[in-house]
Structures are given as C-alpha cells and as structure tokens.
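Inspection log for the structure reproduced underneath, given as structure tokens.
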Amino acid sequence: MRRLTALAVLVALGRPLSAQDGDGAWRFSNLQQGYCITFLVSPDDAPGVLPGDAQPVRLDAMTDATPVLVRVLADQPEYGSWMPAAVCLYRFGRADIAGRELVAAAGASEMIGVVSYGARVAINQPANGVSVSLVFTNDKRAARVTDSTRVPFRQVKATFGKAAHSDDERHVVALGKTTLTWDGHAAGDSVTLSAPVEHVWVVRGPRGKPVQVRWRLNAASSRSMVGGLVVQGKDKLAKLMRKSPVRYLGPIYEGGNAELAQLPD
C-alpha cells in the first residue's frame, strides 16, 4: 500500500547495465513530481496479480510499514491479512537511458512508473523488495529503447495540467482500462529530505527469471497531498483499487534526481 506513485524503470536489462552506461546506472534529473497511490489487496485477489511462485506479504507481518499502513492496521486489524500494493509515478525534466539523452519539452515531462505488490519473488530479495507487474512511461522513445530488453516499458497516456474551474492540478493516467484521476495540490508542509528513498523492484524476465533493480530517489523535499482520487474502469487493477479500504496519495516528492541500476544475480 503505497502512495500514488507511478514508478520509473528506464533501464536496459537485456544486457549487463555496466556494459551500457558507465557504472551501469540510468540517471534522471530535475524531478518535477513523484508520488505513489497506496492500496491493499485481499488474500483472495492476491494470487490473480502475482507470479505463481510469489509469496504475498501480509500487512500485519510487515516490519517497515509506512505510518499510514500502521494506522490502518491499528484502526482496522481485520485487514492485517491483506497485501500492500502501489501505483507510483515520477516525472523528470531529463532522463539519460543507455547512452541516450531524453529532454522533456517545455511544459512536459519524462515520466516513468510502476504497479507493484508487496510479495516475495526472489530468494535473495531484500526486505524492501516488491514484485512489479508493470513498468510504464509516457514517452514512445523510451518505450522503443526497451523493446528488445528483458523489461520492456509499456507506453501509456498521461496528462498533467489544471483542473477545470479551479486552481488545483489535474493528473490523468490511463493504465490499460484503468484510469486514475487526481484533482488537488501539494500542501505547504514542506520537509527537507536528508536521505534517499530506496526500493528494490523485482521484475520477470522473458524466461520468467526474477531480475532485481534498485531505485534510488534523491529528492530535495516532500509535501503531503490534498485533493481527491477517482478510479475508473472495469479491469482488474481498477476493481482492486476500488475494493481496497484505503487509497492513500503521497507524499509528493519534488526536486533532485534519481538513478536505477540492476543488482547482481
């Protein structure tokens, strides 16, 4: 259960990263916004979104649950057996991918994101590892770069602008037949971050072998998010999110940079 975060994985996993870009890391700069939508998946629904050999992590078994999930468990212990999940997205002004520089046009962004589930997939998976079922981007150039890699990105439609008759922002992201719309704004409670935000994403290669990549976000600050999220659609993701007892957005990260690197097998 993480905040709306559509997460970013621009990494050529078809070959060792070190053979493609110096030390192997793909780099992103000028973070405009990054956030997650955290939700919960019931024990009955978890098998339908995980690889056959994955083991879902129960909320009440987590040792590093976010404050929001801790409150959910304290107030509603009946959801202790549910699995945390998240949609994360990050928007940058520039991305350097496998030796190719992608610079966003004025008023646009290079977006990368993930749909992730709290589950153990690899034997050596670290505690902060999650199973990633979808990696997406809004840039067809980035999607084309990853076509022949072990983890191709799906290009999705996304718009970021102003809500009608309001000063609020409107973000619309279409993931298959699920459409996520957020109308709102960042609150004024800015917090300076002294440490990077790190996650390990475990994805499946073409032959089903787990591949682990580390996402490290060095954001300048974070703020809470104010507004409302609307989930539309009839496919599996939309149904899971509507069924969840919580859909939490935030915090929203701003400024700074990030890198993505493949971990040793």
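See the values below:
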{"quantity": "Restraint check, LYS140/LYS236; LYS157/LYS236; LYS209/LYS243; LYS157/LYS239, Cα-Cα greater than 23 Å", "calculated": "LYS140/LYS236; LYS209/LYS243"}
{"quantity": "Label-point separation in nm, ARG170 to ALA105, each point 7 Å along Cα→Cβ", "calculated": "2.0 nm"}
{"quantity": "Lys/Arg +1, Asp/Glu -1 at C-beta; the stretch 92-236 dipole; positive extreme among HIS171, GLY113, SER190", "calculated": "GLY113"}
{"quantity": "Two-site FRET efficiency, ARG141 against VAL230, from Cβ-Cβ distance with R₀ of 35 Å, rounded to 0.05", "calculated": "0.70"}
{"quantity": "Two-decimal Rg to Rh for the chain - Kirkwood Rh, Cα set", "calculated": "0.94"}
{"quantity": "Percent antiparallel among DSSP beta bridges (both partners in the stretch 99-219, rounded to 5)", "calculated": "85 percent"}
{"quantity": "Cα→Cβ-extended label distance, 7 Å offset, between LYS209 and ARG94, nm", "calculated": "3.5 nm"}
{"quantity": "Of all accessible heavy-atom area on the stretch 74-211, the percent that carbon and sulfur account for (1.4 Å)", "calculated": "49 percent"}
{"quantity": "Accessible area (Å², per residue) of the chain, counting only protein heavy atoms and a probe of 1.4 Å", "calculated": "45 Å²"}
{"quantity": "Sum of side-chain charges, GLY184 neighbourhood, beta-carbon under 12 Å (Lys, Arg +1; Asp, Glu -1)", "calculated": "-1"}
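The values are calculated or read from the model by the stated rules, or taken from the named source; none is laboratory data. Since we're looking at a predicted model, the values are computed, not measured. Don't worry about glycine lacking a Cβ; one is built from the backbone with ideal geometry, like all the others, and counts go over all protein chains shown. Heads up: the accessible areas ignore ligands, DNA and RNA and are worked out on the full protein's heavy atoms, side chains in. Shrake-Rupley method; radii C 1.70, N 1.55, O 1.52, S 1.80 Å.
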